[in-house]
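FYI, it's all coordinate maths here, none of it is from the lab. Note that the structure is predicted; figures quoted are calculated from it, not measured. When we count neighbours, we look across all protein chains shown, and the Cβ atoms used for this are built from the backbone with ideal geometry, even at glycine.
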Ligand code: 0A1
Ligand code: ZN
């Protein structure tokens, strides 16, 4: 049985393809349960190949017939694909297969979503459409003919011909099969256009279901901004006559960069003020940019194999983060990116699922679309940018595009480009790709005769399969502040390469206060003993906004740690600093909102675990509640005035400035709710004319256990809007009291509008439970048991999402023996379930190992 003994794929086993593809012609005869796909593919032997064995991937296909150069052949077929006798010379392969889009609940390959045909081919979905060398180093131009009764028939590239019931598309740019896309359905488009810097006119179309047209403006504006930014910042111009985006309700991930025809989860593209929060707007802007930027970093230059995934994903995340930083507040963007990195990637890197940015092996590639590949991959590129500087970075990128355009490249190619463009040796830097785990960076200071010395030590803890770690190159951006708060030594990059290394600063008049790792210049955990007064000083004076925020964050963590462990918390220093910061009008509201945001419960659990303390999720929850109450009481007198200052008179706009004000208004409302039991929140809910305030106020009411009426009102109002109903499901779980969270999730899963086949809906209940630490880890074990039940139910339908959800258990190593026992039991139950997928099997196996 295939899934019982899944095969491991190794980077070291890479061999070039035996045959290359000249061109591909596909004909689709669409029918819900019996679509026919006829392929005509011209192959030629690859001169670089080591073997002439002809193998085509194929899964779940019914072969009707196949020919080689027009002669019928009978290929040898197994569950992975087929083999056939072919000439040692160019030849034409033709085949017809039948597939069942309606029965495709995995949402990989061709499937139906709300009656609309769509595809998802990354990473290995194309092999569920036709027999093909489904690997990214086989690139070819595609011509696609679609026959179907749907009014809109789309594929990659430019439209070349159409008639009643059919359309033909041609994509001249050679591409790997994972970038193939097809869409057919009853759709309407928002149309626009973009003129490139070389005056080429590109038609832009954003396709949605009728009724969603009013939610398309924001994504279209974001697309045009992305196209412009990529020309200005990276010198990259779009390369087809048309660029299309389609919104799809059932989609496993956020979106997909198919050449010329991006397919988006509705949640990542549709937005309107009354249905979308400011966070939704910002996320959509970032994802639209991300997918568009892939046109060059991913599509024109793709990956040789899936071990190079971060080559496109790390770089494209770095690009979308830079774009958002340019369009919005760079400081706020950086803080949010680091919060996400710590919340997801550090968590992954410190548990059983830790892996390298360039892994050596995998069982199921879908399990490697991770925070490490994406977000740590982006941090690695950010470090390169810091080390070589912006001018050399641009030089290296120009060389990258020149040298590798049209190729399937590797991470080594990428580093070679930087070496050649800058003359730097990146041998040691490469360890960032090959060494898993989050480095710990400790620092000691010395002060003598006007000379200040910082001595750093780096240490990366062992990760699964990697016990020994070598020192990394760490760019530590550092500045020094004088006692009066002036910057006496401006920011500079300290380039650490040794395990222990000192940096000295001479000629100082007084002992400075160091501001280390400014802008979070490396993805490390910095530990530095400092007094609460010094942290408060940095929160008040640091010129680096990230470190300013970080100082407050560290202080908050120290307060919470002391509260959890029964020590005296440095409460006065924290509350005093917070109050001063909050009243500082020179700070943008978004920044103040972030500074007011206490470290999350999961973050605290990891912090305690790192400090050698076994975290108790219930105590962390209680400590956080207590501290929030303290903050509310301390700020009591300022809350009304500050809240009044955050009221926006202008009409709603989803821009960063208004969003920042709403974020601060809601942070203040959450504190106010602790003092008035929800009176102010009820008023905000009743008067809100946008989803940010509605949902924020609803959350306050739920926390105050005064949310029943608002919940019913919300449901009645939004029952017809799936994306808003996702929020309704999610809010109830994430705001449930810890002892009730599992029950609430179980009850919601019985709701008539719950649909486990829709990934957004499944995540809105079970993803929310996984992200509610005190609920998921409740001592009863109910959270673990429920999660296991539903992973087992989902796995046969959608293994990719089931596997992803099992990551909820990746923190098993942090907890006490009782919890570990219950988590293990849940995992073993999943592992033992009949016919478990390769996807979930790999994840659970790695966690249990
Ligand atoms: N490449 C896309 C994300 C993506 C990855 C895998 C998928 O299915 C397994 C789907 C989408 C991106 O980075 O946006
Ligand atoms: Zn991507």
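Rg and Dmax, both from the Cα atoms of the stretch 78-187 and both in Å, are 14.7, 46. Per the Debye formula with a single identical scatterer at each Cα and no solvent contribution, what log10 I(q)/I(0) holds for the stretch 611-702 at q = 0.14, 0.26 Å⁻¹? Each listed q maps to, in turn, -0.56, -1.35. Dividing the mean sequence gap of close Cα pairs (under 8 Å, 6+ apart) by how many residues the chain holds gives a relative contact order of 9 percent.
Calculated mean residue ellipticity at 222 nm for the chain: -12000 deg cm²/dmol, from DSSP H runs with n ≥ 4 weighted as -39500 (n - 2.57), summed, divided by the residue count and rounded to 500. Here the calculated FRET efficiency for residue 645 and residue 71, from their Cβ-Cβ distance with R0 = 60 Å, stands at 0.15, rounded to the nearest 0.05. Note on the stretch 556-687: semi-axes of the ellipsoid equivalent to its C-alpha gyration tensor, largest first and rounded to whole Å, are 29, 15, 15. For helix 571-583, report the angle its Cα long axis makes with the longest principal axis of the Cα atoms of the chain; keep it between 0 and 90° and round to the nearest 10°. Helix 571-583 sits roughly 70 degrees off the main axis of the chain.
Across the stretch 730-771, the fraction of Cα-Cα pairs farther apart than 15 Å, rounded to a whole number, is 28%.
Contact order, relative form, for the stretch 314-418: 32 percent (alpha carbon pairs under 8 Å, 6 or more residues apart, mean separation divided by residue count). Between the Cα long axis of helix 309-327 and the first principal axis of the chain there is an angle of about 50°, rounded to the nearest 10.
Calculation over all alpha carbon pairs of the stretch 649-726 in 5 angstrom steps from 0 returns a P(r) of 3, 16, 27, 23, 18, 13, 2, 0 percent. Kindly identify the stretch 427-509 as rounded, prolate or oblate by the Cα gyration tensor criterion: order the square roots of the eigenvalues as a ≥ b ≥ c, call it rounded if a/c is under 1.5, otherwise compare a/b with b/c, prolate if a/b is larger, else oblate. The shape class here is prolate. Just to be sure I understand the curve: with the Debye formula and one point per C-alpha of the stretch 514-574, what is log10 I(q)/I(0) at q = 0.18 Å⁻¹? Log-scaled intensity ratios, in q order: -0.61.
Sorted from largest to smallest, which semi-axis lengths in Å does the alpha carbon gyration tensor of the stretch 743-849 give for its equivalent ellipsoid, taking the root of 5 times each eigenvalue?
Values: eigenvalues 81, 62, 22 Å².
Whole-Å semi-axes of the equivalent ellipsoid: 20, 18, 11.
Kindly identify the stretch 680-821 as rounded, prolate or oblate by the Cα gyration tensor criterion: order the square roots of the eigenvalues as a ≥ b ≥ c, call it rounded if a/c is under 1.5, otherwise compare a/b with b/c, prolate if a/b is larger, else oblate. Don't jump to the answer; show the numbers that get you there.
On the way: a/c = 2.49, a/b = 1.51, b/c = 1.65.
The shape class here is oblate.
Here the extension length gained between residue 214 and residue 757 equals 192.8 nm, from 0.36 nm per residue of separation less the Cα-Cα distance.
Could the peptides 619-630, 798-809, 358-369 be put in order, highest first, of the mean number of other beta-carbon atoms found within 10 Å of their residues?
798-809, 358-369, 619-630
Take each of the peptides 172-179, 243-250, average the number of other beta-carbon atoms within 10 Å over its residues, and list them starting from the highest.
Packing proxy ranking, top to bottom: 243-250, 172-179.
Scattering from the stretch 311-460 was approximated by placing one identical point on each alpha carbon and applying the Debye formula without solvent; log10 I(q)/I(0) at 0.08, 0.15 1/Å stands at -0.27, -0.91. Applying 1/(1 + (r/R0)^6) with r as the Cβ-Cβ distance of residue 13 and residue 274 and R0 = 45 angstrom yields a FRET efficiency of 0.25. Stretching the chain fully between residue 340 and residue 361 yields a gain of 5.0 nm (0.36 nm per residue, less the alpha carbon separation). Grouping the Cα pair distances of the chain into 20 Å bins from zero gives a pair-distance distribution of 14, 48, 33, 5, 0 percent in increasing distance order. Does the stretch 158-292 classify as rounded, prolate or oblate by the C-alpha gyration tensor (a ≥ b ≥ c root eigenvalues; a/c under 1.5 gives rounded; else a/b over b/c gives prolate, otherwise oblate)? It comes out oblate by the Cα gyration axes.
Placing R0 at 41 angstrom, the Cβ-Cβ distance between residue 508 and residue 401 gives a FRET efficiency of 0.35 after rounding to 0.05.
To the nearest 10 degrees, how steep is helix 330-340 against the longest Cα principal axis of the chain, on a 0 to 90 scale? Helix 330-340 and the main axis of the chain meet at about 80 degrees. Need one number: nm distance between label points at residue 629 and residue 42, each 7 Å from Cα along Cα→Cβ, rounded to one decimal. If labels sit at residue 629 and residue 42, their model points lie 7.6 nm apart.
Cα-based values for the stretch 176-237, radius of gyration first and Dmax second, are 13.9, 37 Å.
Just need the relative contact order of the stretch 516-611 here, percent rounded to a whole number, with Cα pairs under 8 Å and 6+ apart. Relative contact order here is 26 percent. Taking the DSSP bridge list for the chain and keeping only pairs wholly inside it, about 80 percent are antiparallel.
Remark: the stretch 616-769 projects, on average over all directions, an area of 10.0 nm² (convex hull of Cα atoms). Among 441-450, 182-191, sorting by the average number of other beta carbon atoms lying within 10 angstrom of each residue, highest first, gives 182-191, 441-450.
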